[in-house]
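The values are calculated or read from the model by the stated rules, or taken from the named source; none is laboratory data. Predicted model, so just to flag it, every value in this text is computed and none were measured. Cβ sites come from the backbone with ideal geometry, for glycine too, and all protein chains shown count toward neighbours. SASA here: full protein model, heavy atoms, side chains in, ligands and nucleic acids out. Shrake-Rupley method; radii C 1.70, N 1.55, O 1.52, S 1.80 Å.
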Amino acid sequence: MELVGSTLASTRAHPSSAPANLLPAISAMASSYKNRFPHCALPPCLGLPWRPDAYYKTARVTPTLAPYSRSSQGLTPSKMLPFVSNRTTLFTRYTPDDWYKSNLANYKESETSRHSAERLRVDTSWIIHDKDQQTKKTQAESTKNLGERVNDIEFWKSEIRHELDEMIGETNALTDMKKRLERALAETEGPLQVAQECLLHREKRMGIDLVHDDVEKQLLTEVDVIGSCQERMQRYLEKTMAQLASSRAAQHELEKDLADKQTAYRIDDKCHHLRNTSDGISYYRGVERVDATISVPDSWAKFTDDNILLSQSQRAASSKLRGDVENLLVVTANEMWNQFNRVNVAFTNRIAETADAKNKIQTHLAKTLQEIFQTEMSLETIRKAIRDKGPPLKVAHTRLDERTRRPNVELCRDSAQIRLVNEVHEIDDTIQSLQQRLRDAEDTLQMLVHAKSTLEHDLAVKANSLFIDQEKCMGMRKTFPNALRLVGYV
């Protein structure tokens, strides 16, 4: 800097300190921003830009200008101007032009600082407003997303509840059908036992009546029909139990999904209603870095949709199975009833045939008894006739014997002698004929007695068969269950 001679304004040895109640000039404050003046460094406690009182403390000390001569660089102020009185009138530091330039620079710097500060304030206000709007917008979007999420959860909850109600109704209906099937299966034991007992009782028939007739064929068919019905019912009962297990598994998945969604709904609804003024909000450091999610919206919706589809498929299978079981119960009941009626018709026909045979046997037995009586009477008549031929034969024998005692020539073979001899032969022939007739009659009587015995035995056999078929078998078959019991309603 060029030094120009000028008159010093003051020749004091030590500069006077500024009044304590006065602030430094703006130029001095601008200089303090640049740390140009004073040359000595400020204490750290006074150099902090965020403590404005530091500037006021600094301004209370009159700044001392550092010399710009090379010989005085690096010296402390006390050493630079040991004696102010030694300054001459030609000694000065700046020119007026430098002074004006310095002031203009300070003004410009002050304006620049103010403009920067103003821009900073405006930008800060704008940023605060923008960030506040952005924060509110983000929070509104989060709230909106949470609301949409709550609506989605509510929608799927309603869908699950609807499907769960349908599944519970279908499961209850299938359970009732299973109970009907079990009752119908239990009801078949009675008819099966009756048919088997009928076969067992019919084994007690005797003689010729122990025949493989149509009744026995129909009874065997009835046993096969009932066995077949029981086998089909048991097979469908197992299917029903398996379907119930599958339906309950699908129902359990729905219930678990519904419980999870209720919990999620409660949590998301609470989050949706949280506001900046809500109670219970707090900082959770690092929570944004925790990612405990295991699904995305597509997989989340697909999971519930799969559960509902599984439930619907199980419900459809259950409904179809109920229809099959209902049809099975009707078909088996009709089959058993038709066979039951066929057996009853066969029993009725057989009982009628046996009763007719029994009546005919009784008729023949009555006739046989009458004929036996007549034959016995005929035997007595023949015996009496044979006895009646004894006296005439005796007379003829006596006459011939007496005539053998005629003397000499009186022993004549006269007509009387010939007639007596012929009479004896005739009576002998008559007796022989009557005896033969007597033997024939006795043989006939024996045959009649045998026929009587056979008829009586056959009558007893028929009576036993009638008792078995009519009393025992038909008596048991009166307890055959009705159609309602066969389809499991009772």
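Tabulated results
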quantity: Close pairs from the stretch 376-388: first closer than 16 Å to residue 430 by Cβ, partner open to solvent by less than 50 Å² (accessible area, probe 1.4 Å), Cβ under 7 Å, at least 6 apart; calculated: 382/434; 382/438; 382/441; 383/438; 385/434; 386/431; 386/434; 386/438
quantity: Criterion: in a helix (DSSP H, G or I) and closer than 30 Å to residue 456 by Cβ - qualifying residue of 197, 166; calculated: 197
quantity: Qualifying residue in the stretch 90-97 (condition: open to solvent by 70 Å² or more (accessible area, probe 1.4 Å), in a helix (DSSP H, G or I), more than 30 Å from residue 276 (Cα to Cα) and modelled with pLDDT of 50 or more); calculated: yes
quantity: Of the criteria (1) open to solvent by 70 Å² or more (accessible area, probe 1.4 Å); (2) closer than 24 Å to residue 484 by Cβ, which one residue 203 fails; calculated: (2)
quantity: Condition met for residue 449 (at pLDDT 90 or above and buried (at least 17 other Cβ atoms within 10 Å of the Cβ)); calculated: no
quantity: Long-range neighbours under 8 Å by Cβ, at least six apart or interchain, first residue among the basic types (Lys, Arg) within the stretch 192-210, second open to solvent by less than 100 Å² (accessible area, probe 1.4 Å) and not in a helix (DSSP H, G or I); calculated: 205/211
quantity: Sole residue being open to solvent by 30 Å² or more (accessible area, probe 1.4 Å) and aliphatic (A, V, I, L, M), chosen from 195, 242, 184, 250; calculated: 242
quantity: Meets criteria (out of contact with any strand residue (DSSP E or B) (no Cβ under 8 Å at 6 or more places or on another chain) and exposed (fewer than 13 other Cβ atoms within 10 Å of the Cβ)) for residue 319; calculated: no
quantity: So residue 481, is it in contact with a helix residue (DSSP H, G or I) (Cβ under 6 Å, 6 or more places away or on another chain) and outside any helix (DSSP H, G or I); calculated: yes
quantity: Residue within the stretch 464-474 that is among the small types (Gly, Ala, Ser), surrounded by 16 or more Cβ atoms within 10 Å (Cβ to Cβ) and within 27 Å of residue 346 (Cα to Cα) present; calculated: yes
quantity: Candidate set from the stretch 358-377 (those that are among the hydroxyl-bearing types (Ser, Thr, Tyr) and open to solvent by less than 50 Å² (accessible area, probe 1.4 Å)); member that is nearest to residue 441 (Cα to Cα); calculated: 375
quantity: When residues of the stretch 477-490 are limited to those that are open to solvent by 40 Å² or more (accessible area, probe 1.4 Å) and not β-branched (Val, Ile, Thr), the one nearest to the chain's Cα centre (by Cα); calculated: 489
quantity: Among the residues listed as 284, 236, 265, the single one being in contact (Cβ under 8 Å) with a residue 40 or more places away in the chain and out of contact with any Leu (no Cβ under 9 Å at 6 or more places or on another chain); calculated: 265
quantity: Every residue from the stretch 338-354 that is of a type in the set (Ser, Thr, Tyr) and either on the phi > 0 side of the Ramachandran plot or touching a helix residue (DSSP H, G or I) at 6+ places or on another chain (Cβ under 6 Å) (or both); calculated: 354
quantity: Scan of the stretch 402-414 for residues that are open to solvent by 70 Å² or more (accessible area, probe 1.4 Å) and either among the charged types (D, E, K, R) or within 18 Å of residue 427 (Cβ to Cβ) (or both), ordered by number; calculated: 402, 405, 410, 413
quantity: Tally, over the stretch 282-308, of residues that are open to solvent by 70 Å² or more (accessible area, probe 1.4 Å) and under 28 Å from residue 258 (Cα atoms); calculated: 12
quantity: Breaking point among (1) surrounded by fewer than 16 Cβ atoms within 10 Å (Cβ to Cβ); (2) over 20 Å from the mean Cα position of the chain (by Cα), for residue 272; calculated: (1)
quantity: Of residues in the stretch 322-336 being among the polar types (S, T, N, Q) and farther than 12 Å from residue 228 by Cα, the one modelled with the lowest pLDDT; calculated: 334
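Quick grid of which residues meet (1) under 31 Å from the mean Cα position of the chain (by Cα); (2) part of a helix (DSSP H, G or I); (3) over 30 Å from residue 141 (Cβ atoms); (4) without any contact (Cβ under 8 Å) to a residue 60 or more places away in the chain:
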residue: 216; (1), (2), (3), (4): no, yes, yes, yes
residue: 219; (1), (2), (3), (4): no, yes, yes, no
residue: 225; (1), (2), (3), (4): no, yes, yes, no
residue: 246; (1), (2), (3), (4): yes, yes, yes, no
residue: 255; (1), (2), (3), (4): yes, yes, yes, no
residue: 259; (1), (2), (3), (4): yes, yes, no, yes
